[in-house]
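**Q** Quick one: the structure is below, and I'll ask about it shortly.
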Amino acid sequence: MFVYVLNKNDEALMPCKERKARLLLKEGKAKVVNRTPFTIQLLYGSSGYKQPVNLGVDAGSKYIGLSATTEKNELFKATVELRQDIPKLMDSRRSLRRGRRTRKLRYRPVRFNNRGKKGKLTPSIQHKIDCYLTMIKKVCGIIPVTNIIVETAEFDTHKLKNPGIHGAKYQHGDAMGFYNVKAAVLNRDNYTCQICGAQNTQLQVHHIRFQSQGGSNRMENLTTLCKDCHEKIHKGELKFNKKVKSFKHAAHMNIMRKKMVELLKKEFDNVFETFGYLTKYNREKLGINKSHSNDAFVISHNFNAKQCTVEFLFRKVRRHNRQIHKAKPSKGGKRQRTQSPYIVNGFRRFDKVMYNGIECFITGKRSSGYFQLKKFDGTVISQGVSSKRLKLLEPVKGWIVDWRIGNSSPTYRGRGILAIR
């Protein structure tokens, strides 16, 4: 395990071993500036010897893999989990604002006249791009990175749905020849309810995965039901068990790919691209198990480096609930505030604390000073613990961070390939 080092001017130096860091701290030549990943800052001048370091980035819509390597060692390995709750929160905010405008702000001009900004991304995608830049800057802030190599992916959703599609078939959709998608779905299902088999009755088209849960209007997500079965499903009396493949993450990567690389090239020098098929070929040739951090190691192009056994885990968390009042007023029409105190007895939500010798995170707080504690993987430690029994380890800074011991793959002493541009 490496200890990351900064000089007096907050510039990244090459990491050192634990023993050397312990001696520097004991002699008063350095101070601790971060606990996870453990980082120290020198209190004296340093020559600043640096080696070429490649940072591999396995770009994804839900997870990011990061690996910083030299020719001999892997200096940093991490898996980053991004937030997936933003679309649902945006829908909730939209419904609440629509209600307020209808009841109280009728005099304001219509909202859609203010829209039309070109090149603006949706909040969920913009958040992911911001997280990419933030995490890469974090790594470059503790390690002197020379080259950044990013795996970008462009997905053909038509090919994912129908592997045999080619040529003019791209212009011929599933609903070709029908008046609309509903007519195509009814014809596909032979005008028969897909649960009870009824035909000579009123038929309706049902979303298998509800639109409120991210379902789309694709034919694969639509099915034919009779009126009675349709009502029972929405009342919860009946279930339609059929899984529908979602292409949400593929669509997000298609949108993010060019924008992300463009922003990285503005921020850093020596930014290169590689592609997924090259990563897969090299990983299989090296005999490395598939994971986000292992893919990033392969992307970094230092195949002879000894893999790190410690992997850091990052998860982006929501900073603050901006909703002022609860959606449903209590009896008597009194609107309760939805926000609890931001800091309770010196602790905030997602602070890393020590309780009974266990490192865990505060996931729920009460104004009385009692907290809910969980581990990084969601294991519940306690539903209610007094703040007097907690010791603060790390305050939250938008991310919760943990680490784990991983099995390193055998070092490969051969040649691989990597195409970058």
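What follows is calculated from the coordinates using simple rules that are stated; it is not laboratory data. Nothing here was measured: the structure is a model prediction, and the numbers come from that model. Reconstructed Cβ throughout: ideal geometry from the backbone, glycine too, with neighbour counts over all protein chains shown.
**Q** Under the rule that a partner needs its Cβ under 4.7 Å from the first Cβ, which Cys of the chain have none?
**A** Flagged as lacking a Cys partner: Cys16, Cys131, Cys140, Cys196, Cys229, Cys308, Cys360.
**Q** Give the separation of the Cα centroids, the range 1-60 to the range 132-150, in Å.
**A** Result: 15 Å between the Cα centres.
**Q** Would you kindly calculate the translational diffusion coefficient of the range 164-229, applying Stokes-Einstein with the Kirkwood radius from alpha carbon pairs, for 20 °C and a viscosity of 1.002 mPa s, and quote it in µm² s⁻¹ without decimals? Please report the intermediate quantities before stating the final value.
**A** Numbers: Rh = 12.9 Å.
Result for D is 166 µm²/s.
**Q** Please identify the trypsin sites (Lys or Arg not before Pro) of the range 114-167 that satisfy two criteria: DSSP loop assignment and at most 11 other Cβ atoms within 10 Å. Which are they? Walk me through the numbers on the way to the answer.
**A** Details: sites: Arg115, Lys117, Lys118, Lys120, Lys128, Lys137, Lys138, Lys159, Lys161; in loops: Arg115, Lys117, Lys118, Lys120.
Answer in residue order: Arg115, Lys117, Lys118, Lys120.
**Q** Oh, and also: Looking at the range 327-397 only, what percent of DSSP beta bridges run antiparallel? Nearest 5 please.
**A** On the way: 16 of 16 bridges.
Beta bridges within the range 327-397, antiparallel portion: roughly 100 percent.
**Q** Need one word for the range 1-50: rounded, prolate or oblate. Basis is the Cα gyration tensor (sqrt eigenvalues a ≥ b ≥ c); a/c below 1.5 gives rounded, then a/b vs b/c decides.
**A** Rounded, since a/c falls under 1.5.
**Q** Of the listed pairs Lys138/Lys391; Lys285/Lys306; Lys235/Lys334; Lys62/Lys88, which have alpha-carbon separations greater than 18 Å here?
**A** Lys138/Lys391; Lys235/Lys334
**Q** So which trypsin sites (Lys or Arg not before Pro) in the range 172-242 are both in a DSSP loop and have at most 12 other Cβ atoms within 10 Å of their Cβ? Don't skip to the end; give the middle numbers.
**A** On the way: sites: Lys182, Arg188, Arg209, Arg218, Lys227, Lys232, Lys235, Lys239, Lys242; in loops: Arg209, Arg218, Lys239, Lys242.
Here the trypsin sites (Lys or Arg not before Pro) that fit, given the DSSP loop and packing criteria, are Lys239, Lys242.
**Q** What is the chain by shape, rounded, prolate or oblate, if you read a ≥ b ≥ c off the alpha carbon gyration tensor as root eigenvalues and call it rounded for a/c under 1.5, prolate for a/b larger than b/c, and oblate otherwise?
**A** Here the chain falls in the oblate category.
**Q** Who wins for biggest fluctuation among Met176, Met135, Met354 in a Gaussian network model of the chain, springs between alpha carbons below 10 Å?
**A** Met176
**Q** Now for a different question. Nearest 500 deg cm²/dmol is fine: what mean residue ellipticity at 222 nm does the chain get from its DSSP H runs of n ≥ 4 alone, each adding -39,500 (n - 2.57), divided by its residue count? List each step's numbers first, then the result.
**A** On the way: 9 runs with 109 residues, N = 421.
The per-residue figure over the chain is -8000 deg cm²/dmol.
**Q** OK, next. Using 0.36 nm per residue, how much length does the chain from Lys266 to Ile358 gain when fully extended, once their Cα-Cα distance is taken away?
**A** 28.9 nm
**Q** What is the Cα convex hull volume of the range 327-397 when expressed per residue in Å³?
**A** In the range 327-397, the Cα convex hull volume per residue is 116 Å³.
**Q** Here's another thing I want to ask about it. Given the range 1-50, what percent of its DSSP beta bridges are antiparallel, to the nearest 5?
**A** 75
**Q** I've got another one for you. Step through the table entries Lys8/Lys388; Lys182/Lys243; Lys31/Lys388, compare each Cα-Cα distance with 31 Å, and write down the pairs that go over it.
**A** Over 31 Å Cα-Cα: Lys8/Lys388.
**Q** How high is the FRET efficiency between Arg22 and Leu96 when r is their beta carbon distance and R₀ equals 60 Å, given to the nearest 0.05?
**A** With a Förster radius of 60 Å, E is 0.65.
**Q** Modelling each spin label as a point 7 Å along the Cα-to-Cβ direction, I'd like the Ala250/Lys285 distance in nm, to one decimal.
**A** 2.7
**Q** Additional query: Which of Lys388, Lys50, Lys374 ends up with the largest GNM mean-square fluctuation for the chain, with Cα atoms connected below 10 Å?
**A** Per the Cα network of the chain with a 10 Å cutoff, Lys388 tops the list.
**Q** If you take every residue apart from Ala175 with its C-beta less than 14 Å away from the C-beta of Ala175, what net charge results, scoring Lys and Arg +1 and Asp and Glu -1?
**A** Once positives and negatives cancel, what remains is +2.
**Q** I've got another one for you. What number, in percent, do you get for the relative contact order of the chain if the mean sequence gap of Cα pairs under 8 Å and at least 6 apart is divided by its residue count?
**A** This gives 19 percent for the chain.
**Q** Now for a separate question. May I ask you to list the chymotrypsin sites (Phe, Trp or Tyr not before Pro) in the range 1-76 that are in a DSSP loop and have at most 13 other Cβ atoms within 10 Å of their Cβ?
**A** Here the chymotrypsin sites (Phe, Trp or Tyr not before Pro) that fit, given the DSSP loop and packing criteria, are Tyr44, Tyr49.
**Q** As a test, work out the antiparallel percent of DSSP beta bridges whose residues both lie in the chain, rounded to the nearest 5.
**A** 75
**Q** Would you mind checking which residues have amide H under 5 Å from Val145's amide H? H placed 1.01 Å from N; only 5 or more apart, or other chain.
**A** none
**Q** Related question: What length, rounded to one decimal in nm, is gained on full extension from Ser212 through to His234, with 0.36 nm per residue of separation minus their alpha-carbon distance?
**A** Gain in length upon complete extension: 6.7 nm.
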